[in-house]
1. When you scan region 328-367, how many residues do you find that are open to solvent by less than 50 Å² (accessible area, probe 1.4 Å) and either under 26 Å from Leu211 (Cα atoms) or touching a Cys at 6+ places or on another chain (Cβ under 6 Å) (or both)?
2. Collect the residues in region 67-103 that are of a type outside the set (S, T, N, Q), closer than 30 Å to Ser36 by Cβ and open to solvent by 60 Å² or more (accessible area, probe 1.4 Å), keeping them in residue-number order.
3. Looking only at helices (runs of 4 or more DSSP H) that lie completely in region 37-135, which have at least 1 residues being out of contact with any strand residue (DSSP E or B) (no Cβ under 7 Å at 6 or more places or on another chain) and of a type in the set (S, T, N, Q)?
4. If only one of Ala325, Ala293 is open to solvent by 40 Å² or more (accessible area, probe 1.4 Å), closer than 27 Å to Pro191 by Cα, among the hydrophobic types (A, V, I, L, M, F, W, C) and modelled with pLDDT under 90, which one is it?
5. Looking only at region 308-351, count every residue that is charged (D, E, K, R), assigned to a helix (DSSP H, G or I) and within 19 Å of Arg254 (Cβ to Cβ) and tell me the total.
6. Which pairs turn up if I take residues in region 207-218 that are closer than 16 Å to Val259 by Cα and look for partners that are open to solvent by 20 Å² or more (accessible area, probe 1.4 Å) with beta carbon separation below 6 Å, at least 6 apart in sequence or on another chain?
7. Just to be sure before I move on: is Ser131 closer than 30 Å to Ile46 by Cβ, of a type in the set (Gly, Ala, Ser) and touching a Ser or Thr at 6+ places or on another chain (Cβ under 9 Å) in the structure I sent?
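The values are calculated or read from the model by the stated rules, or taken from the named source; none is laboratory data. Quick caveat, the model's predicted, so the values are computed rather than measured. All Cβ positions, glycine included, derive from the backbone under ideal geometry; neighbour counts span all protein chains shown. For the accessible areas, the whole protein counts, side chains as well, though only heavy atoms, and no ligand, DNA or RNA atoms are used. Shrake-Rupley method; radii C 1.70, N 1.55, O 1.52, S 1.80 Å.
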Amino acid sequence: MATTYTTPISFHPGTYLREWLEENNMTSKELALRLSGKPEKTISNILTGKSSITPELAEALSFVTGIPGRMWNSLQAKYNSYIVAQGNSEALAAQWDNWGTLFPYKDMVRRGWIDDLRSNDKGEMVRQLLSFLGISHSSAFDRIYGELLPQFRMTKGANHDPYSTAVWLRQGQLLAQRLTLRGTFDINRVPDFLPRLKEALISEDQSQGKLEELTSEMGIAFVILPYLPKASISGVAMWIGETPTIILSGKGKRHDAFVFDFFHELGHILMHKGRSQKARIFIDDEMQEPVEAQEETEANDFASELLVSSEQVAQCPLTIDGIQALAHEQHVHPCVVLDRLVREKRITWKLYYSKYKALNAQTILPA
């Protein structure tokens, strides 16, 4: 359920003090006398909202009014917060035109990530975006999301919008943090789970949550989050605190790509936690710094060899029956073998979509 962001109206405590005086037929002059001779002007300024009630005065008022000092302090604190929020409203609104409009606000509303505040002022929408992203000002966006910690797999040739990417990632993080995992991650236990993970991905129907159950048992937070337009992300691996996290978008819905992306991200989890803490993005199929290209290659190799080894791909007969037989032997869907044949350049994408079309499959994602 999305959260509604509104700034509550708060009144100066002098308003309540004025009402108390009226109810008790007391003048401000008499109140000043009862407060050990406080200047009447001080009381007058409080009653008109020009001065604040200090903690010392709140304690003194508790004796005169019978209202605990903590209540007067609370009223003053709420009013102070309200004034700060009101003072920020114009500054927040100014951030909308130059910053807020860059985000896919309508898509976020449509998916229920945030409430629709377009009928409110711009400042409330900016406040909502800041809260969603977990930052206090738009200037912090580049520092936090300009160099993202996780490693992305992005669709080759697709447009990449950093603002759509950031909110997709943030929503994935929020969903992952809400998960209650059944196990605690132990890298030494992972090999025992690999055959079961492959078995769970033989079926293209991922709506039953078998993969989520296994990853939860492993202590890995796993989220399937459909991609946003202009955020052409296939998957991401990261650590949220001490919890390894994998988020997949299922973009394109090709089952072989979904399976490969999952094990690619798992490879990052297993091999690359100890890299530099400086946040970086790893984009597929584009020129990167050598260390980044190496880590992507390592994750690719991990997924490839785990699913169907290069030796097995080299020996696979290029027939429907031959591909199906190897898939059965390796406990993978035939489309996974087909994908490996393409990656090893034994067949072309043209043949993938024509001669071997019957072996293709689309992942059925959770609703």
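1. First pass over region 328-367, keeping only residues open to solvent by less than 50 Å² (accessible area, probe 1.4 Å): 330, 332-342, 347, 352, 356, 359-361, 363, 365.
Still in the list and also either under 26 Å from Leu211 (Cα atoms) or touching a Cys at 6+ places or on another chain (Cβ under 6 Å) (or both): 330, 332-342, 359-361, 363, 365.
So the answer is 17.
2. Arg70, Met71, Lys78, Ile83
3. On the way: elements: 40-47, 55-65, 69-98, 105-110, 122-133.
Fully inside region 37-135 and qualifying: 40-47, 55-65, 69-98, 122-133.
4. On the way: Ala325 fails: modelled with pLDDT under 90.
The conditions single out Ala293.
5. Kept after step one, since they are charged (D, E, K, R), are these residues of region 308-351: 311, 321, 329, 339-340, 343-346, 350.
Applying the additional criterion that residues be assigned to a helix (DSSP H, G or I) yields 311, 321, 329, 339-340, 343, 350.
Keeping just the survivors that are within 19 Å of Arg254 (Cβ to Cβ) gives 339-340, 343, 350.
Total meeting the criteria: 4.
6. Within 6 Å, the pairs are Ser207/Ile364; Ser207/Pro366; Leu214/Arg196.
7. Values: closer than 30 Å to Ile46 by Cβ: no; of a type in the set (Gly, Ala, Ser): yes; touching a Ser or Thr at 6+ places or on another chain (Cβ under 9 Å): yes.
No.
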